[in-house]
Structure formats: C-alpha cells, structure tokens
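One structure below.
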Amino acid sequence: MAKKINNMKNQFYYTRKEAIEGTDPVEYAEFLDSINLNKVIRTVQTASDTVVVLLDDMHERVTEVPNINHKTNKVIGTKKKVEVYQTEAYLSGNDIERFRKLSNIE
C-alpha cells in the first residue's frame, strides 16, 4: 500500500489585498492565500511595516510574443519568451506576528 503524504500541513495562510479598480476612495478585495513553510528562504522587513517572504520556488513561464523584423518593422511571426519568477508573499499586520511566532522568528 502506498504511503499517503500530506503536504498541506506545512501551509501558512495569510491575507492578500488587491485594490479594486475604479473605487474612490480606494477599496480592497481580500483573498486567503498560503505558502509552504518548507520553501521559505528569506524574509525582508520593509520601511512600510510589511514583511516580504521569499520562497525557493524558481519557475519559468513561457509566452509567445511577436517576432519583429527590425529592418522592416513588420511582424514576421512569433517567438517564445521565457521569464523566470520567484514567489514573494507580502505580509502585514497580524499576519506578520503569526508568521514570526509559527517560524520562531521573534
């Protein structure tokens, strides 16, 4: 019988806020996101009382972009563009305190 692995127990849940377009004054939508604590490699405290959590999860995203002939300035097809990303989680308020307590960073 295969061993069942539960990777979700290492998740830290936090609130992410995004500005809602067209609201004046600015209003925010809230989302419940999570990060895997085993992937945390570094945290950075910012001047605006936010903690940026950097994860060890480098990954590539491939998109197609126009291939332009620079002599004629015309599109001659498409080419693949590869971009490398690393997850950054932005913590604020109570989420910072919970993260530090959970990860023993005080």
Exercise. Could you check, for the stretch 15-32, whether at least one of its residues is touching a helix residue (DSSP H, G or I) at 6+ places or on another chain (Cβ under 9 Å), surrounded by 12 or more Cβ atoms within 10 Å (Cβ to Cβ) and modelled with pLDDT of 95 or more?
Key: yes
Self-check item: Check on residue 32, under 18 Å from residue 100 (Cβ atoms), out of contact with any Leu (no Cβ under 9 Å at 6 or more places or on another chain) and either among the β-branched types (Val, Ile, Thr) or not in a loop (DSSP other than H, G, I, E, B) (or both)
Solution: no
Practice problem: Give the residues of the stretch 4-61 that are closer than 30 Å to residue 82 by Cα and of a type in the set (Lys, Arg), sorted by residue number. | Solution: 16, 17, 39, 42, 61
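The values are calculated or read from the model by the stated rules, or taken from the named source; none is laboratory data. Keep in mind the model is a prediction, meaning the values are calculated, not measured. Heads up, the Cβs are rebuilt from the backbone with ideal geometry, glycines too, and the neighbour counts pull from every protein chain shown.
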